[in-house]
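The values are calculated or read from the model by the stated rules, or taken from the named source; none is laboratory data. Note that the coordinates shown come from a computational prediction; the quantities given were computed from them, not determined experimentally. Neighbour counts run over all protein chains shown; Cβ positions are idealised from the backbone, glycine included. Accessible surface areas use protein heavy atoms only, side chains included; no ligands, DNA or RNA. Shrake-Rupley method; radii C 1.70, N 1.55, O 1.52, S 1.80 Å.
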Amino acid sequence: MAHSDARVTIHMAASLDGFIARKDGRVDWLDTSDEFPGGETLEPASVEAFLETIDCYVMGSRTYETALGFEAQGAVWPYGKTPTFVLTHRDLPRTRETVAFHAGDLAEFVDGRLRPRFRTIWFVGGGIVSAECLRLGLADEVRYSILPVLIGDGIRFFEGLDRDIALHLAEVKAYTNGVVELRYEVPGRCRA
Ligand SMILES: NC(=O)c1ccc[n+]([C@@H]2O[C@H](COP(=O)([O-])OP(=O)(O)OC[C@H]3O[C@@H](n4cnc5c(N)ncnc54)[C@H](OP(=O)(O)O)[C@@H]3O)[C@@H](O)[C@H]2O)c1
């Protein structure tokens, strides 16, 4: 039996034209230098406190491989000690105990295995997995951080979505670095 208050969130950052990465997977455009004085400031302490509210992460294998690549270049593993589930049919390197792999039926995995164990479940990409999550009706909300940049082409936030999904806009925040965060609830799913 799932937690009645378990919540699945999809969160990614995208360019204004809706891409989460360039076609070749590069995300060099994520570092923007805009300033919006009227925006809110993101304090590191409040970001850290917020991240502690996330009980587990779910991601596609390509997103995992990108994170491993950044780590190999000296970047910090962004998911801390939080359990992280990687969807893959391949035999990928497992670099830490918090990482587990899963292949197969995503609905059964989320509703049957994650919701009973975790309250705050974050899908962090990429585009293929986000679309799969929405298509299967698993997401309660979508958080979309829009960066002040256009990149023309790339991997879409929702790759290959095959139908319209109407959303309810629940929150809008603008930050001093020019990022706008939109939070949408998925009607029929959201129990908040
Ligand atoms: N801007 C952002 O916030 C952001 C966030 C996340 C990612 N990204 C970028 O997005 C890119 C990756 O996105 P993507 O759409 O190409 O790929 P993705 O969604 O990260 O991964 C897709 C892969 O996951 C595996 N998979 C998906 N569903 C599965 C299931 N039910 N069972 C087993 N395996 C499953 C499959 O690979 P296998 O062949 O392994 O089975 C599939 O090809 C990267 O460049 C990354 O940097 C950006």
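Is the shape of the range 1-103 best called rounded, prolate or oblate, per the rule: a/c under 1.5 gives rounded, else a/b larger than b/c gives prolate, else oblate, with a ≥ b ≥ c the square roots of the Cα gyration tensor eigenvalues?
Numbers: a/c = 1.68, a/b = 1.22, b/c = 1.38.
Oblate, because a/c is 1.5 or more while a/b does not exceed b/c.
Which percent, nearest 5, of DSSP beta bridges in the chain are antiparallel? Don't skip to the answer; put the middle values down first.
Details: 14 of 37 bridges.
The antiparallel proportion sits near 40 percent.
What does the extension gain come out to for residue 22 and residue 89, with contour length at 0.36 nm per residue minus their alpha carbon separation? Please report the intermediate quantities before stating the final value.
Values: separation 67, 0.36 × 67 = 24.12 nm, distance 2.36 nm.
Taking 0.36 nm per residue and subtracting the Cα distance, the gain is 21.8 nm.
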Between the modelled labels at residue 101 and residue 189 (7 Å from Cα along Cα→Cβ) the distance in nm is 2.6 nm
Tell me which of 147, 187, 50 sits at the most positive position along the dipole axis of the chain, charges placed on C-beta atoms (Lys, Arg +1; Asp, Glu -1). 187
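So what is the accessible area of the range 75-192 per residue, in Å², with the probe set to 1.4 Å? Present the calculation step by step, with values, prior to reporting the outcome.
Working: 6080 Å² over 118 residues.
For the range 75-192, the per-residue accessible area is 52 Å².
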Could you tell me the relative contact order of the range 50-192? Use alpha-carbon pairs under 8 Å, at least six residues apart, and round to a whole percent. 22 percent
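Shape call for the chain from the C-alpha gyration tensor, a ≥ b ≥ c root eigenvalues: rounded (a/c under 1.5), prolate (a/b greater than b/c) or oblate?
Working: a/c = 1.37, a/b = 1.18, b/c = 1.16.
The shape class here is rounded.
Can you give the calculated 222 nm mean residue ellipticity of the chain, where each DSSP H run of n ≥ 4 adds -39,500 (n - 2.57) and the sum is split over every residue, rounded to the nearest 500 deg cm²/dmol?
Numbers: 3 runs with 29 residues, N = 192.
Taking each H run of at least 4 residues, the total per residue is -4500 deg cm²/dmol.
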First check a/c for the range 124-192, with a ≥ b ≥ c the square roots of the eigenvalues of its C-alpha gyration tensor; if it is under 1.5, answer rounded, and if not, answer prolate when a/b is larger than b/c or oblate otherwise. oblate
Full-extension gain in nm, residue 42 to residue 73, via 0.36 nm per residue minus C-alpha separation: 8.6 nm
